[in-house]
Amino acid sequence: MNLHEYQGKEILASFGVRVQRGIVAHNAGEAVDAAKQLTAETGTGWHVIKAQVHAGGRGKGGGVKLAKNLQEVETIADSIIGMNLVTPQTSAEGKKVHQVLVAEDVYYPGDSEPAEFYMSVLLDRSKGRNMIMYSTEGGMDIEEVAEKTPHLIYHEEVDPAIGLMPFQARRVAFNLGLSGMAFKEMVKFVTALYKAYEVSDSSLFEINPVLKTSDDKIMAVDAKVTLDDNALFRHKDYAEMRDLREEDPIEVEAKEAGLNFVNLDGNVGCMVNGAGLAMATMDLIKMAGGEPANFLDVGGTADAKRVEKAFRIILKDDNVQAILVNIFGGIVRCDRVAQGIVDAYKNMGDAIKVPIIVRLQGTNAEIAKELIDNSGLAVHSAIEFQEAADKVQEVLK
């Protein structure tokens with residue numbers, strides 16, 4: 001589950017991470033009030049207006065601007081709220097901005113020059129360890145840094161059974177070239193950041209930039225946070241942060257129906273029971289010359305109501321030219337699944353306008369094939385994997 005910047009900063013602050021302070025506004029009037037409040041609390045006269053969408057590169061699309069007075073706060077907020085923000089991480093249509101974060105200006109003059117760093121905490125799946133990735137090149141796309149100056153990216157592996165050791169936090173500060181008060185502040189920052197990542201059950205914390213201010217404070221100026229959906233039962237307050245407006249409406253509908261669904265860009269819809277079989281089915285479609293249009297796991301029960309809902313969700317994608325149903329009958333018998341498919345097909349009437357290939361394997365698979373073949377519906381039945389692949393290839397041609 002992705003969070004907005006202001007929500008990520010709320011979590012960071014709760015673990016003692018210093019963050020750039022800000023207030024969320026939903027219209028220009030609220031933005032002006034937020035700026036006045038920040039000025040009263042922090043003394044800042046300039047404010048940064050940031051579009052709150054689930055996408056990076058907001059500045060490149062005009063979603064992050066500096067306001068030097070209240071009139072500019074109002075004008076900029078009014079221009080950003082309601083716009084379709086297009087960034088390198090959005091589609092060509094962009095994402096509609098519903099709110100902005102009015103943040104304090106932290107690039108103030110002082111005894112030393114401000115410096116920007118990049119830092120993220122994530123899981124290195126290949127090693128089964130958490131990893132802190134950081135660089136002196138903050139404020140830039142980390143992909144660009146990795147391509148042009150890979151030697152400027154550092155990694156610190158953390159054994160989750162032990163946790164972050166003090167010497168590791170000090171090594172991060174040392175590699176970033178810090179000393180004195182800034183060094184001590186960075187050690188505290190890294191320690192608190194890792195604790196926030198671990199305790200919140202996140203899969204990603206990305207801060208770009210981490211700022212060393214002109215008076216040697218270390219703070220998060222931005223925050224990209226992804227929470228592990230599977231751990232939300234432990235964090236009811238985090239679950240309430242979900243902004244469904246930022247998510248694919250089809251995926252939201254599928255989740256509400258209890259279906260595991262991910263929208264893709266292909267031409268063959270998939271309906272499968274079990275994540276492993278779903279992955280194998282996507283490979284099957286590729287081998288047959290098609291492209292999977294989705295990942296859809298209907299789970300252990302595939303009755304008529306559930307199958308019908310899955311069909312309707314798949315068919316919301318206009319790019320779907322065929323649907324492959326691949327069910328292994330273990331807990332649920334294949335003949336019951338077949339009857340569910342027949343009933344769902346009849347209930348939907350003319351809504352199904354693409355060929356459907358059904359592969360049922362397992363308990364009562366032969367009976368299920370007979371049910372499909374004798375239904376009189378335009379459904380192609382198969383038992384073997386290769387047979388299903390051949391039929392997919394045939395209908396696509």
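No value in this document is a laboratory result; all are computed from the given coordinates. Remember, predicted model here, so these are calculated numbers, not experimental data. Cβ: placed from backbone, ideal geometry, glycine included. Neighbour counts: every protein chain shown.
Place the peptides 243-254, 361-372 in order of packing, highest mean first, counting for every residue the other Cβ atoms within 10 Å and averaging per peptide.
361-372, 243-254
Give me the dipole magnitude in Debye, nearest 20, for region 21-105 about the Cα centre, with unit charges on the beta carbon: positive for Lys and Arg, negative for Asp and Glu.
With only Lys, Arg, Asp and Glu charged at Cβ, the dipole is about 320 debye.
Principal axis extents for region 332-397, Cα atoms only, whole Å, descending order, please.
Over region 332-397, Cα extents along the principal axes are 30, 29, 18 Å.
Compare the Cα positions of ALA67, PHE311, THR213 along the charge dipole of the chain (+1 at Cβ of Lys, Arg; -1 at Cβ of Asp, Glu; about the Cα centre) and return the one farthest towards the positive end.
The Cα lying farthest towards the positive end belongs to THR213.
Let me spell out the model: positive unit charges on the Cβ of Lys and Arg, negative unit charges on the Cβ of Asp and Glu, origin at the Cα centre of region 248-396. What dipole size does that give, in debye rounded to 20?
Magnitude of the dipole: close to 320 debye.
If you plug each phi of region 359-365 into the Karplus form 6.51 cos²θ - 1.76 cosθ + 1.60 with θ = phi - 60°, what whole-Hz ³J(HN,Hα) values come out, in order, with x for Gly and Pro?
Working through the residues one at a time gives 10, 10, 9, x, 4, 6, 5 Hz.
Dividing the alpha-carbon Rg of region 248-396 by 2.2 N^0.38 Å yields what?
Scaled against compact globular proteins, the figure is 0.92.
Using a ≥ b ≥ c from the Cα gyration tensor of region 303-366 (square roots of the eigenvalues), is it rounded, prolate or oblate, where a/c under 1.5 gives rounded and otherwise the larger of a/b and b/c decides, a/b for prolate?
prolate
Quick one: dipole size for the chain, taken about the Cα centre, charges +1 on Lys/Arg Cβ and -1 on Asp/Glu Cβ, in debye to the nearest 20.
My answer is approximately 400 debye.
Kindly provide log₁₀ I(q)/I(0) values, in the same order as q = 0.11 Å⁻¹, from the Debye equation applied to equal alpha-carbon scatterers of region 152-233.
Scattering profile of region 152-233, log10 relative to I(0): -0.31.
Given the rule -39500 (n - 2.57) for each run of at least 4 DSSP H residues, summed and divided by the residues of the chain, what is its mean residue ellipticity at 222 nm, to the nearest 500 deg cm²/dmol?
Helix-only estimate at 222 nm: -11000 deg cm²/dmol.
Let me understand region 21-105 better: what is its radius of gyration from the alpha carbons, and its Dmax, in angstrom?
According to the Cα coordinates of region 21-105, Rg and Dmax are 12.2, 40 Å.
Placing +1 on the Cβ of each Lys and Arg and -1 on the Cβ of each Asp and Glu in region 248-396, which of GLY349, PHE385, LEU284 has its Cα farthest towards the positive end of the resulting dipole?
GLY349
Where Rh denotes the Kirkwood radius from the mean inverse Cα pair distance, what is Rg over Rh for region 140-288?
We get a ratio of 1.07 for region 140-288.
From the P(r) of the chain, could you give the percentage of C-alpha pairs in the tail past 27 Å?
Distances greater than 27 Å cover 60 percent of the Cα pairs.
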